[in-house]
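The values are calculated or read from the model by the stated rules, or taken from the named source; none is laboratory data. Note that this is a predicted model, so its numbers are computed, not measured. We place every Cβ from the backbone using ideal geometry, glycine too, and count neighbours over all the protein chains shown. The accessibility values were calculated without ligands, DNA or RNA, using every heavy atom of the protein model including side chains. Shrake-Rupley method; radii C 1.70, N 1.55, O 1.52, S 1.80 Å.
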Amino acid sequence: MARPLEKGLCILNDRLLLEVHDIDVSVLTGIYSEETHLPQPLRMSITVELDCPDHFAPDTRLGASKNYLDLKNAATTGLPSGVHFTLIEGVADHICETLFVQDRRVQSVTVKIIKLAISENGESIGMTLTRHRR
């Protein structure tokens, strides 16, 4: 995102993206009868855009960024136990909201979910949801 300056010039803002990829989780999800009674295997990747400090010195403390395990936990232990999500989009939305609530510095969250059980030839079938802080 660019900040406007005088006379049509702009300065590009720095971006800090934290990423956790290929988390395999079993989640109660699906609309078909064969899906609704057993957890479905999903592969998730999460990217969070965080407010970026001006500089990271060698001795910068963790508080200047975010613990990567928070991203992983939002997709694992942060999902409510026993809740059935009709759509995987609902799973992604829950993860986004969890990360927004955890940290005011989170500006956007992208969650990619692949439904592993419906792959027939190794293809990746799923969706990607990006939410921005409102």
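For region 47-112, count the residues as N, evaluate 2.2 N^0.38 Å, and divide the Cα radius of gyration by that value, please. Let's see the in-between values first.
On the way: Rg = 13.7 Å, N = 66, 2.2 N^0.38 = 10.8 Å.
Its radius of gyration relative to the 2.2 N^0.38 Å reference: 1.27.
Can you tell me the Rg and Dmax of the chain, counting just the alpha carbons, in angstroms?
Both quantities, over Cα of the chain: 17.7, 62 Å.
Among all stretches of the chain without exposed GluC sites (Glu not before Pro) (DSSP loop, at most 13 other Cβ atoms within 10 Å), which one is longest? Could you put the intermediate results ahead of the total?
Values: sites that count: E34, E120, E123.
Longest run free of exposed loop sites: 35-119.
Which FRET efficiency value, to the nearest 0.05, do you get for S26 and R104 by plugging their Cβ-Cβ distance into 1/(1 + (r/R0)^6) with R0 = 30 Å? Before the final figure, lay out each step's value.
On the way: r = 31 Å, r/R0 = 1.04.
Given R0 = 30 Å and the Cβ-Cβ separation, E is 0.45.
Compute the distance from the alpha-carbon center of region 85-118 to that of region 15-72, in whole Å.
Taking the Cα centre of region 15-72 as reference, the centre of region 85-118 is 8 Å away.
Between exposed chymotrypsin sites (Phe, Trp or Tyr not before Pro) in the chain, where DSSP calls loop and at most 15 other Cβ atoms lie within 10 Å, what's the longest gap? Spell out each step's value before the answer.
Numbers: sites that count: Y32, F56.
With a cap of 15 other Cβ atoms within 10 Å, the longest stretch comes to 57-134.
Pull up all non-local amide H partners of T29: gap of 5 or more, or a different chain, and H-to-H distance under 5 Å with H placed in the peptide plane.
Excluding prolines and chain starts, which carry no amide H, the hits are Q40, F85.
Given a 1.4 Å probe and heavy atoms of the protein chains only, how would you sort L28, L62, largest accessible area at the top?
Working: L28 45, L62 105 Å².
Highest to lowest solvent-accessible surface, that is L62, L28.
Measuring with a 1.4 Å probe in the full set of protein chains, what accessible area per residue, in whole Å², belongs to the chain? If you can, show how the numbers build up before the last one.
Details: 8680 Å² over 134 residues.
Accessible area per residue: 65 Å².
Can you give the percent of C-alpha pairs in region 11-53 whose distance is more than 12 Å? Before the final figure, lay out each step's value.
Values: 625 of 903 pairs.
When every Cα pair of region 11-53 is considered, 69 percent fall beyond 12 Å.
Using each residue's phi in region 85-92, evaluate 6.51 cos²θ - 1.76 cosθ + 1.60 at θ = phi - 60° and report the 3J(HN,Hα) Karplus result to the nearest Hz, with x for Gly and Pro.
9, 4, 10, 5, 4, x, 4, 4
Roughly to the nearest percent, how much of the accessible area of region 87-134 is carbon and sulfur, given a 1.4 Å probe?
After summing per-atom areas, the C and S share lands at 48 percent.
By how many nm would the segment from H55 to R15 lengthen if fully extended, with 0.36 nm per residue of separation less the alpha-carbon distance?
The span from H55 to R15 would gain 13.2 nm if fully extended.
Which whole-number percentage describes the relative contact order of the chain, with Cα contacts under 8 Å and a sequence gap of 6 or more?
Relative contact order for the chain comes out at 25 percent.
Could you tell me what percent of the accessible area of region 20-63 is made up of carbon and sulfur, with a 1.4 Å probe and every protein chain present? Mind showing how you got there, number by number?
Values: 1470 of 2820 Å².
Ligands and nucleic acids excluded, carbon and sulfur reach 52 percent.
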